1. Quick test of your reading of the structure: residue 369 fulfils all but one of (1) under 21 Å from residue 279 (Cβ atoms); (2) in contact with a strand residue (DSSP E or B) (Cβ under 9 Å, 6 or more places away or on another chain). Name the failing condition by number.
2. For residues that are polar (S, T, N, Q), in contact with a helix residue (DSSP H, G or I) (Cβ under 9 Å, 6 or more places away or on another chain), outside any loop (DSSP other than H, G, I, E, B) and under 13 Å from residue 38 (Cα atoms), tally how many sit in region 59-105.
3. For the subset of region 71-123 comprising residues that are touching a Leu at 6+ places or on another chain (Cβ under 7 Å) and of a type in the set (S, T, N, Q), which member is modelled with the lowest pLDDT?
4. Answer with yes or no whether residue 336 is buried (at least 23 other Cβ atoms within 10 Å of the Cβ), farther than 23 Å from residue 424 by Cβ and either touching a strand residue (DSSP E or B) at 6+ places or on another chain (Cβ under 8 Å) or not hydroxyl-bearing (Ser, Thr, Tyr) (or both).
5. Regarding residue 280, is this residue modelled with pLDDT of 95 or more, over 22 Å from residue 424 (Cβ atoms) and among the charged types (D, E, K, R)?
6. Does residue 67 satisfy being modelled with pLDDT under 95 and open to solvent by 10 Å² or more (accessible area, probe 1.4 Å)?
7. Could you tell me which residue of region 249-278 is nearest to residue 127 (Cα to Cα), considering only residues that are assigned to a helix (DSSP H, G or I) and open to solvent by less than 20 Å² (accessible area, probe 1.4 Å)?
8. Can you list the strands (runs of 3 or more DSSP E) lying wholly within region 355-470 that have 3 or more residues being within 24 Å of residue 207 (Cα to Cα) and modelled with pLDDT of 95 or more?
Amino acid sequence: DGRLTFYPGNQTVDLPFINFMKRYGTVFLNAYTNSPICCPSRAAMWSGLFTHLTESWNNFKGLDPDYVTWMDLMQKHGYHTQKYGKLDYTSGHHSVSNRVEAWTRDVDFLLRQEGRPMVNLTGDRKHVRVMEADWRNTDKAVNWIKEEAINLTQPFVLYLGLNLPHPYPSPYAGENFGSSTFLTSPYWLEKVTYEAIKIPKWSSLSEMHPIDYYSSYTKNCTGEFTKQEVRNIRAFYYAMCAETDAMLGEIISALRDTGLLKKTIIIFTADHGELAMEHRQFYKMSMYEGSSHVPLLVLGPGIKEQQQIPNVVSLVDIYPTMLDIARIPVPQNLSGYSLIPLLRGKAENELSPRGPRPSWVLSEFHGCNVNASMYMLRTDKWKYITYSDGHSVLPQLFDLSDDPDELTNVAVKFPVIVHSLDKILRSIVNYPKVSSSVQEYNKRQFISWKQSLGQNYSDVIANLRWHQDWLKEPQKYEYAINKWL
């Protein structure tokens, strides 16, 4: 959650290396994902293109494998490149369930797709390496810096992709039942200040926006939760962020030990945030701040120190920024704009040959846990969210300066602002058309999957992640699918 990287969110947990980057570099106060889920978000970051252009509709469908990423271009221009850890930009981690849930989101039924969010404390006060796979990849990156990078005669670019902070698979609900367990050890939990944790306000179930209700239901969050349960989920999430920060620290320390820190630019960001029980949801797949607002910090030569940038930026800006750093000509077809002028504290009029950076960012989502394509336009104090064709579901408008927790939808109160933001959005993306092509894609994918199963279809579909609900009335749900088809 990007808000943890600046005041006031960071009073809850100690993040020493994020703070180091803030002190000696620049923090972006309003950085957003272009799609709040792993694979589509990464597709946007690696391609510099909005999601409706990459057609990365869900965690299964990302970039074409032969797409030229910024790293490919840097390699072509003489950079030594190295990648470790999670990439997920051509196709992400997903089960058959994930896919089927995304494809059937237009079906008229409500089924829980996740385990109920919960916490799990493991190990003792000495247990530092909870997420072992991430630590292994961090070790690889550290060793590469100390053994390889230090001896290179050419410039290098190193990418390290972590899984943390991400809820873990929940074995208590069967292997097919999502990742809804927040897991940490006492070592990390002690870095969280429980008293500073804010318990989010919730609308009543009957007052929720219909799309939010669908999301909350499929994420198994509509039941009763005590304040203690919510506080724990948030605390464990912050502890997982502290463990992530320590991995960042290993990279910074390795660069310092090898004398490379002063001549290396470091960028820290994330594919999306975590709601951690805000708006009666956990996970991502939402345009609310917890899910869509990402961290973005940059440190290194030529980058202003202790700078806070309020401009809205997004992950598609990484592509032109990387090329700008390497002095490689930036392709003109990109959705993003280089961050270098902002990072160097230049005046707006010195910006790119493409003209000034727009005053808005776009995020969109077409995957599971949300039963309509959604589009978010963020500009100055406004966040405008619209769904599907723009008519069948009510839009949302939030004034973030007045209502940072996004509890009051003021779309009806400000029709003129809704109209002008919708006009800007339609000039960027013909969103009713995109929504309709996603619906067709989902139906096509589902039909071909169903046909591939033949006689086994009824049995397989009944036992996906929603099995606990489905098996109560299997015929009703199969009928709903047939009606949709």
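1. (2)
2. Residues that pass the stated criteria total 0.
3. Checked region 71-123; the qualifying residue modelled with the lowest pLDDT is 90.
4. Numbers: buried (at least 23 other Cβ atoms within 10 Å of the Cβ): yes; farther than 23 Å from residue 424 by Cβ: no; either touching a strand residue (DSSP E or B) at 6+ places or on another chain (Cβ under 8 Å) or not hydroxyl-bearing (Ser, Thr, Tyr) (or both): yes.
For residue 336, the condition - buried (at least 23 other Cβ atoms within 10 Å of the Cβ), farther than 23 Å from residue 424 by Cβ and either touching a strand residue (DSSP E or B) at 6+ places or on another chain (Cβ under 8 Å) or not hydroxyl-bearing (Ser, Thr, Tyr) (or both) - is not met.
5. Working: modelled with pLDDT of 95 or more: yes; over 22 Å from residue 424 (Cβ atoms): yes; among the charged types (D, E, K, R): yes.
For residue 280, the condition - modelled with pLDDT of 95 or more, over 22 Å from residue 424 (Cβ atoms) and among the charged types (D, E, K, R) - is met.
6. On the way: modelled with pLDDT under 95: yes; open to solvent by 10 Å² or more (accessible area, probe 1.4 Å): yes.
Spelling it out, residue 67 is indeed modelled with pLDDT under 95 and open to solvent by 10 Å² or more (accessible area, probe 1.4 Å).
7. Going residue by residue through region 249-278, those that are assigned to a helix (DSSP H, G or I) are 249-257, 261-263, 278.
Now narrow it down to the ones that are open to solvent by less than 20 Å² (accessible area, probe 1.4 Å): 249, 252, 254-255.
Working: 249: 17, 252: 22, 254: 22, 255: 25 Å.
The extreme case among them is 249.
8. Working: elements: 360-365, 374-379, 382-387, 396-399.
Strands (runs of 3 or more DSSP E) meeting the threshold: 374-379, 382-387, 396-399.
The values are calculated or read from the model by the stated rules, or taken from the named source; none is laboratory data. It should be emphasised that the depicted structure is a prediction, and the values quoted were computed from it without experimental measurement. Counting neighbours? That spans all protein chains shown, and the Cβs are built from the backbone with ideal geometry, glycine included. Side chains are part of the model used for accessible areas, which takes the heavy atoms of the whole protein and leaves out ligands, DNA and RNA. Shrake-Rupley method; radii C 1.70, N 1.55, O 1.52, S 1.80 Å.
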